[in-house]
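This report refers to the structure that appears directly beneath it.
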Amino acid sequence: MLGRYRRAEAGDIIESLAAQQAEAPGSAAPRPAHTNARNLVGSAIQSCPSESTVGARSPGQLSVAMVSTHEPRECGIATFTSDLANALADVDPAIRVSWAAIDDEEPELAARPEVRWRIRQGDPAAYERAAVDLNAADVDIVAVQHEFGLYGIWGEQFDDYLTPFLERLRKPLITTFHTVLPAPSSTVFNAVRRLGRRSDAVVVMTKRAGEILEQTYGLDPSTLHVIPHGAPPVTHADREAMKARLELHGRSVISTFGFVDPRKGIEYMIEAMADVVRAHPTAVYLVLGKTHPDLTRKTEDAYRRSLNDLVEARGLGAQVQFVDRYLSQAEILDYLHASDVYVTPYLDPDQITSGTLSYALGAGKAIVSTAYAHAVEALGDRRGILVGFRSASELASAVSSVLDSPSLKAEFERNAGSLGARLTWPTVATRMSHLYRALARP
């Protein structure tokens, strides 16, 4: 059993911290005293405009500093945080969001007024210096968007760069875990437990992630909040008209979008297409997105070359198409509108959240997916079909069953859309706003 945080059904959103505090007075950690430790470690890397340039506070204004990557970096965390910030601006304009941006020398960041500090990724001292500057700034809440690779180095052990940041920080802290590992190494366990215990509130996107943090890492359940990954509000477009616009007229469209990398299992869906097209000759599989930049640097895009070789070897050049670039949100939604089936053939059973799956639910798609953790939680109640890992035959059978049955496809789309309506960014941002404001109360 989870303690005080509500065990929500898939896609349900946890009640605000204010409601939890009404149930359990004193459950939130007390707000630490403001301490200016600037003189201890010096100024932060490329500190941004001074407080005077940001503007005087108005009544009810709340200042939230995101510790995250930031666009134009092509990174899922940057996209997530920007989407959240934009939605917060709409639902609660009195929340002022700034960034301590984890960067890899992106020169464009210097021109972005919302980026007030820059943290050089891979420089342990930069994280500590950022904490010092956040302490000195007019910031009410610090919100860390946590993905392991942004805050340390993987090796035989995980080298955690957040430790000195947490020791220095004197502001209320909310951490959103984008990855939660159920069987951690000792160094990962210590890093997550340390961050979770220092955080005044912890946000996860699935109830399974909350269970792991409580049961495996020993985090206080009263600090855990399930707020799902957001998705853009969708105005549904005519599928056939969108196919015509995208030069897909007359095709049965199957799609996968996002960064291309070996963990996605795209080769299994390509293999499946050989069977799918025998029953559905007009079917086409769209692989939408570029290779992850980190992977390109390390492997010179060997994985994508292997996918192209597989398409050629199977004679599927007319049935598999690659859109090899970073797509805008509008482009992604256009392709989703045109899709008959959305597929996530991912390989990691422990994947706790998938932004692309949330997008597909938000767009009301019929979904076929391997049974990774987020998909298992999201695709119950006949919202889609779960298949085994690394099984082209199961993928082919599931996709074909949807294409064979317009009534089944319509049922999946209706059920997915019903859940997706509860995942829109305005809904998610409203819940997050409540959490920020409850935590910032004296």
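Using the structure shown, decide if residue 122 is more than 15 Å from residue 190 (Cα to Cα), out of contact with any Pro (no Cβ under 9 Å at 6 or more places or on another chain) and in a loop (DSSP other than H, G, I, E, B). Judged against the criteria, residue 122 is a match.
Among the residues of region 283-318, those identified as crowded, with 20+ Cβ neighbours inside 10 Å and in a loop (DSSP other than H, G, I, E, B) are 289, 292.
Listed here are the residues, each with its yes/no results for (1) part of a strand (DSSP E or B); (2) in contact (Cβ under 8 Å) with a residue 24 or more places away in the chain; (3) acidic (Asp, Glu).
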position: 60; (1), (2), (3): no, yes, no
position: 63; (1), (2), (3): yes, yes, no
position: 66; (1), (2), (3): yes, yes, no
position: 71; (1), (2), (3): no, no, yes
position: 84; (1), (2), (3): no, yes, no
position: 93; (1), (2), (3): no, no, no
position: 97; (1), (2), (3): yes, yes, no
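Got at least one residue in region 125-134 being surrounded by fewer than 22 Cβ atoms within 10 Å (Cβ to Cβ) and free of Cβ contacts under 8 Å to residues at least 40 places away in the same chain? No, there is no match, as no residue in region 125-134 is surrounded by fewer than 22 Cβ atoms within 10 Å (Cβ to Cβ) and free of Cβ contacts under 8 Å to residues at least 40 places away in the same chain. Taking region 235-271 as the range and being of a type in the set (A, V, I, L, M) and out of contact with any strand residue (DSSP E or B) (no Cβ under 8 Å at 6 or more places or on another chain) as the test, the residues that pass are 237, 241, 242, 244, 246. Every listed requirement among (1) crowded, with 20+ Cβ neighbours inside 10 Å; (2) small (Gly, Ala, Ser); (3) out of contact with any helix residue (DSSP H, G or I) (no Cβ under 7 Å at 6 or more places or on another chain) is met by residue 363 save one, (3).
Here is the figure for region 322-335: residues that are under 16 Å from residue 264 (Cα atoms) and crowded, with 17+ Cβ neighbours inside 10 Å total 1. Residue selection: residue 272 fails the criterion of being surrounded by fewer than 21 Cβ atoms within 10 Å (Cβ to Cβ) and at negative phi. Taking the conditions (1) in a helix (DSSP H, G or I); (2) closer than 19 Å to residue 356 by Cβ; (3) in contact (Cβ under 8 Å) with a residue 40 or more places away in the chain in turn, residue 430 satisfies each one other than (2).
Taking helices (runs of 4 or more DSSP H) as the structural unit, those lying wholly within region 319-382 and holding at least 3 residues that are closer than 21 Å to residue 176 by Cα, modelled with pLDDT of 95 or more and in the same structural domain as residue 414 (by TED's automatic domain parsing) correspond to 355-362, 373-378. Could you list, in sequence order, all residues of region 296-328 that are within 17 Å of residue 263 (Cβ to Cβ), in contact (Cβ under 8 Å) with a residue 12 or more places away in the chain and touching a strand residue (DSSP E or B) at 6+ places or on another chain (Cβ under 8 Å)? Listed by number, the residues that qualify are 303, 304, 307. Hey, any hits in region 125-136 for a residue that's assigned by TED's automatic domain parsing to the domain that holds residue 433 and not in a helix (DSSP H, G or I)? No: region 125-136 contains no residue that is assigned by TED's automatic domain parsing to the domain that holds residue 433 and not in a helix (DSSP H, G or I). Please work out which residue is modelled with the lowest pLDDT, limiting yourself to region 288-309 and to residues that are touching a helix residue (DSSP H, G or I) at 6+ places or on another chain (Cβ under 8 Å) and among the polar types (S, T, N, Q). The extreme case among them is 291.
Does residue 369 count as in contact (Cβ under 8 Å) with a residue 24 or more places away in the chain, crowded, with 23+ Cβ neighbours inside 10 Å and not acidic (Asp, Glu)? Yes. Considering every residue within region 387-406, establish whether at least one is under 30 Å from residue 63 (Cα atoms), surrounded by fewer than 19 Cβ atoms within 10 Å (Cβ to Cβ) and not aromatic (Phe, Trp, Tyr). No, every residue in region 387-406 fails to be under 30 Å from residue 63 (Cα atoms), surrounded by fewer than 19 Cβ atoms within 10 Å (Cβ to Cβ) and not aromatic (Phe, Trp, Tyr).
From the list 439, 408, 395, 419, the lone residue that is assigned to a helix (DSSP H, G or I) and closer than 26 Å to residue 200 by Cβ is 439.
The values are calculated or read from the model by the stated rules, or taken from the named source; none is laboratory data. Only a predicted model underlies this, so the values are computations on that prediction, with no experimental measurement involved. Positions of Cβ are generated from backbone atoms using ideal geometry, with glycine treated the same way; all protein chains shown enter the neighbour counts.
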